Amino acid sequence: MQFRQLETFICIVDAGTLTGAARRLYKTQGAVSQDLKLLENGLGVQLLDRTGQRVKLTAAGSALLPIARRVMSDIADATFEMECIRTGQNPVIRLTCLPSLGPRLCRLMADYTRGHPGTRWSLVTSLRGAMITGLRDDQFDLAICEGYADEGIVNIPLMRETLHLVMPHDHPLIGKAPLRPADLTDMPYIGLHRRLGALLEAQRFFSAGEAYPTPVAEVDTTQLVAELAAGLAGYGFIPDSAIPKDGFPLVTVPTDPPLTRQISLARSANRSIPPVVEMFIDYLIAAWHADS
């Protein structure tokens with residue numbers, strides 16, 4: 001299998017005909033047909049049904065197409081990155097963080113860039129599980145997320161962040177704060193999905209009571225927790241960084257015991273870190289506490 005053959009295969013699918021692909025690739029139809037034949041022979045499967053006016057993907061072709069697109073995209077990315085390095089540009093620092101921490105991280109990225117012109121970035125906000133997978137698969141250099149023990153992951157503590165109990169501003173329980181798990185028994189609970197790290201802290205809070213309550217809804221963002229808690233006159237838990245300064249429809253209420261979560265800088269323990277990333281790690285650890 002050669003990259004040229006994959007490129008031809010993708011182009012045939014996109015054009016719908018071998019003739020159309022030939023025009024796009026500036027090749028003869030015979031050359032396009034030969035590339036496809038070599039690819040199919042090499043893989044031992046038929047990729048396209050060519051009996052009609054337009055080609056149709058076979059089952060094997062349907063399976064190969066998304067893989068081929070990823071491979072060609074990765075090749076283009078690698079070519080671009082090597083050209084940037086060849087011309088003296090810095091490699092990209094690939095970051096991922098929890099959505100609520102994105103604004104804070106962006107401020108620090110901007111400050112770092114002012115002191116290190118030419119720094120290039122990639123930032124993706126995601127959930128913790130996807131971040132850890134991305135670190136292991138070398139999609140990211142660094143992740144800022146809840147700091148729990150994971151095999152092959154190094155966690156550097158950055159801060160402990162308060163998790164707030166939130167509920168409608170006119171709820172009568174507010175006057176009884178700090179609230180314990182037993183106080184919330186009859187209220188609708190809006191929970192975060194079980195794959196989210198913040199859920200573990202909520203479980204620790206409820207362990208002081210009789211049992212973890214059954215959520216009336218499980219959602220994957222703190223914004224949805226707020227919307228449903230307001231609409232259902234219920235409650236949920238939201239980290240401090242996710243509570244907006246203005247226009248928040250709920251109030252934060254103290255709890256007993258209080259809730260916090262560990263936020264850490266995570267990286268793979270099985271992969272070397274480029275010098276440009278090491279420099280940013282040193283800056284980030286020092287600057288994180290100074291930013292508010």
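Quick look at the values:
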quantity	calculated
Residue within the stretch 37-46 that is open to solvent by 50 Å² or more (accessible area, probe 1.4 Å) and touching a Gly at 6+ places or on another chain (Cβ under 9 Å) present	yes
When residues of the stretch 231-252 are limited to those that are closer than 23 Å to residue 200 by Cα and in a helix (DSSP H, G or I), the one least open to solvent (accessible area, probe 1.4 Å)	242
Subset of the stretch 94-104 that is assigned to a strand (DSSP E or B) and open to solvent by less than 40 Å² (accessible area, probe 1.4 Å) - its residue that is farthest from residue 137 (Cα to Cα)	97
Near pairs, Cβ below 6 angstrom, 6+ apart or cross-chain, from the stretch 271-292 (touching a residue at least 12 places away in the same chain (Cβ under 8 Å) and over 18 Å from residue 100 (Cα atoms)) to any residue that is open to solvent by 80 Å² or more (accessible area, probe 1.4 Å) and not polar (S, T, N, Q)	none
Lone unmet requirement of (1) surrounded by fewer than 20 Cβ atoms within 10 Å (Cβ to Cβ); (2) within 17 Å of residue 175 (Cα to Cα) for residue 227	(2)
Sole residue being open to solvent by 80 Å² or more (accessible area, probe 1.4 Å) and modelled with pLDDT under 90, chosen from 49, 74	74
Close pairs (7 angstrom Cβ cut-off, 6 or more residues apart or separate chains): over 22 Å from residue 242 (Cβ atoms) in the stretch 198-220, modelled with pLDDT of 85 or more and open to solvent by 60 Å² or more (accessible area, probe 1.4 Å) anywhere	208/180; 209/180; 209/182
Selected residue (only one of 79, 133 is out of contact with any His (no Cβ under 6 Å at 6 or more places or on another chain), open to solvent by 80 Å² or more (accessible area, probe 1.4 Å), in a helix (DSSP H, G or I) and of a type in the set (Val, Ile, Thr))	79
Within the stretch 105-120, considering residues that are buried (at least 16 other Cβ atoms within 10 Å of the Cβ) and touching a helix residue (DSSP H, G or I) at 6+ places or on another chain (Cβ under 8 Å), the one nearest to residue 224 (Cα to Cα)	108
So residue 8, is it among the β-branched types (Val, Ile, Thr) and under 33 Å from the mean Cα position of the chain (by Cα)	yes
Residues of the stretch 257-292 classified as open to solvent by less than 60 Å² (accessible area, probe 1.4 Å), at pLDDT below 90 and in a loop (DSSP other than H, G, I, E, B), total	5
Long-range neighbours under 8 Å by Cβ, at least six apart or interchain, first residue among the basic types (Lys, Arg) within the stretch 46-64, second surrounded by fewer than 15 Cβ atoms within 10 Å (Cβ to Cβ)	54/16; 56/49
Count of the stretch 1-32 residues which are surrounded by fewer than 18 Cβ atoms within 10 Å (Cβ to Cβ), assigned to a helix (DSSP H, G or I) and among the polar types (S, T, N, Q)	2
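The values are calculated or read from the model by the stated rules, or taken from the named source; none is laboratory data. Computed from a predicted model, the values in this text were never measured in an experiment. Because the Cβ atoms are built from the backbone with ideal geometry, glycine has one as well, and the counts that use them run over all protein chains shown. The accessibility values were calculated without ligands, DNA or RNA, using every heavy atom of the protein model including side chains. Shrake-Rupley method; radii C 1.70, N 1.55, O 1.52, S 1.80 Å.
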